[in-house]
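Written below as structure tokens is the structure these notes are about.
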Amino acid sequence: MEEPGKVSFKHHKILAHHIRRQIKKRRFVLLLIASLLVLFIPGFLNDSAFSELFFFLCLSFLFVQSMIVATQSGTKNKFFRYLTVVLLIVVTWLEPAGISIHLLKELRLVAMILFFGFVIFSLAKYLAGAAFVRANVLLAAVNIYLLMGIVGGYLAQLFFVIDANTFHFPAYINQPDFTDFVYYSFISMATVGFGDIVPGNSQGQTLSYLIAISGQLYVAIIIAIIVGKFANRPGSDQK
């Protein structure tokens with residue numbers, strides 16, 4: 001007969017294993033939820049300290065879930081990857097903590113761009129390696145697009161931090177923040193071009209058309225890939 005302590009430990013171990021399995025199984029859905037929270041929450045919150053805290057919690061959730069998706073079973077250097085996430089979260093939380101150093105802000109933006117770029121690359125590898133279309137393939141495609149928009153926003157913010165003349169903002173935007181730059185990124189990716197935020201120098205113009213080109217190319221390429229994989233699905237009629 002097992003001791004109560006051992007039974008409790010075994011039960012907790014089984015529960016933890018079950019939770020890990022569920023997180024891995026639903027990793028693409030959780031990444032989509034995290035991305036949507038980061039994209040939509042800031043626009044509907046006020047300027048209170050609680051709203052800022054909630055946004056950074058959502059951003060931390062996005063960091064963790066992004067690395068879960070990018071780190072598949074059998075991947076080497078898992079410890080180093082998750083250590084990178086922890087460091088990124090710590091550096092990110094320096095901003096709401098009131099630690100504002102110009103160079104640190106630039107380095108944080110560079111780190112976010114590289115991190116999400118790596119996640120996009122990992123998702124693209126998963127997408128390319130899939131034999132046929134299934135739910136996770138479609139979710140991966142959507143997540144890539146959303147993360148591309150986030151990366152474009154951080155790139156625009158980095159350019160603006162380096163040179164405040166890179167973009168001109170309308171009068172109602174006193175101090176541009178994450179929401180403004182991500183808005184500009186997605187508007188450029190979709191080639192909508194409302195004209196409320198405009199480039200102020202050649203660097204801003206170059207970034208703007210590169211974001212627009214990447215958005216249009218991605219849509220065209222991803223449709224071709226999904227159609228090709230859909231034709232290879234089990235039970236499809238091929239002549």
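Laboratory data are not the source of any read-out in this text; all were calculated from the coordinates shown. Predicted model only: the values in this text are computed from it and were never measured. Glycine also receives a Cβ, built like all others from the backbone with ideal geometry; neighbour counts cover every protein chain displayed.
Can you spot a residue in the stretch 143-159 that is over 26 Å from Leu87 (Cα atoms), in a helix (DSSP H, G or I) and of a type outside the set (Asp, Glu)? No: zero hits. Within the set Ile187, Ile222, the sole residue that is surrounded by 13 or more Cβ atoms within 10 Å (Cβ to Cβ), under 20 Å from the mean Cα position of the chain (by Cα) and under 30 Å from Ser51 (Cα atoms) turns out to be Ile187. In the condition set (1) farther than 25 Å from Thr92 by Cα; (2) among the polar types (S, T, N, Q); (3) surrounded by 14 or more Cβ atoms within 10 Å (Cβ to Cβ), Thr166 is compliant with all but (1). Restricting attention to the stretch 111-126, does a residue exist that is charged (D, E, K, R) and over 19 Å from Arg27 (Cβ atoms)? No - not one qualifying residue is present in the stretch 111-126. Taking the numbered list (1) in contact (Cβ under 8 Å) with a residue 60 or more places away in the chain; (2) more than 25 Å from Lys25 (Cβ to Cβ) in turn, Val38 passes all entries but (2). Screening Leu94, Leu107, Leu103, Leu139 for residues that are surrounded by 14 or more Cβ atoms within 10 Å (Cβ to Cβ) and not in a loop (DSSP other than H, G, I, E, B) leaves exactly one candidate, Leu139.
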